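Colleague: Here's a structure for you.
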Amino acid sequence: MSTVQAHTTLPNHIGGRWKNSTAAEFLKVVNPATNELLAEVPVSPEREVVEAIEAAAAAFPEWRRTPPEERIQYLFKM
């Protein structure tokens, strides 16, 4: 007998905020070692992708002036 485990549907992170997607389709994120379903991520529509690109482009000038030692701290937090 298999059990169904709860998983998370992840939102998009755009412009420093978490935003639920209006996507109708989602991709499964699976742990390759256990085949456990970890989450689902949206296949975001074009307008959400454009919004993310524009937010990233706006943030880039400040981000590129951020020292690498400070940038890496975000990865450590994850």
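Colleague: Just to be sure I understand the filter: pairs with C-beta atoms under 8 Å, separated by 6 or more residues or on different chains, first member in the stretch 55-76 and within 19 Å of Trp18 (Cβ to Cβ), second member of a type in the set (Gly, Ala, Ser). Which pairs pass?
Modeller: From residues that are within 19 Å of Trp18 (Cβ to Cβ), the pairs are Ala55/Gly15; Ala55/Gly16; Ala58/Gly15; Ala59/Gly15; Ala59/Gly16.
Colleague: Name the single residue, out of those in the stretch 24-66 being of a type in the set (Gly, Ala, Ser) and more than 19 Å from Leu10 (Cβ to Cβ), that is surrounded by the fewest Cβ atoms within 10 Å (Cβ to Cβ).
Modeller: Ala33
Colleague: So how many residues does the stretch 22-39 have that are hydroxyl-bearing (Ser, Thr, Tyr) and closer than 29 Å to Val50 by Cβ?
Modeller: 1
Colleague: Output yes when any residue across the stretch 39-52 is assigned to a strand (DSSP E or B), without any contact (Cβ under 8 Å) to a residue 60 or more places away in the chain and touching a His at 6+ places or on another chain (Cβ under 9 Å), and no when none is.
Modeller: yes
Colleague: Can you find a residue in the stretch 9-30 that is of a type in the set (Asp, Glu) and in contact with a strand residue (DSSP E or B) (Cβ under 6 Å, 6 or more places away or on another chain)?
Modeller: There is no residue in the stretch 9-30 that is of a type in the set (Asp, Glu) and in contact with a strand residue (DSSP E or B) (Cβ under 6 Å, 6 or more places away or on another chain).
Colleague: For Ala58, are the conditions met, namely being within 25 Å of His7 (Cα to Cα), at pLDDT 95 or above, part of a helix (DSSP H, G or I) and hydrophobic (A, V, I, L, M, F, W, C)?
Modeller: Judged against the criteria, Ala58 is not a match.
Colleague: Residue check, Ser21 against (1) out of contact with any Pro (no Cβ under 7 Å at 6 or more places or on another chain); (2) in a loop (DSSP other than H, G, I, E, B); (3) not charged (D, E, K, R), all met but one. Which one?
Modeller: If we test Ser21 against (1) out of contact with any Pro (no Cβ under 7 Å at 6 or more places or on another chain); (2) in a loop (DSSP other than H, G, I, E, B); (3) not charged (D, E, K, R), just (1) comes out false.
Colleague: Take the conditions free of Cβ contacts under 8 Å to residues at least 40 places away in the same chain and touching a helix residue (DSSP H, G or I) at 6+ places or on another chain (Cβ under 9 Å) and apply them to Lys19. Does it pass?
Modeller: Judged against the criteria, Lys19 is a match.
The values are calculated or read from the model by the stated rules, or taken from the named source; none is laboratory data. These numbers were taken from a predicted model, which means no experiment stands behind them. Cβ coordinates were reconstructed from backbone atoms using ideal geometry, including for glycine residues, and neighbour counts include every protein chain displayed.
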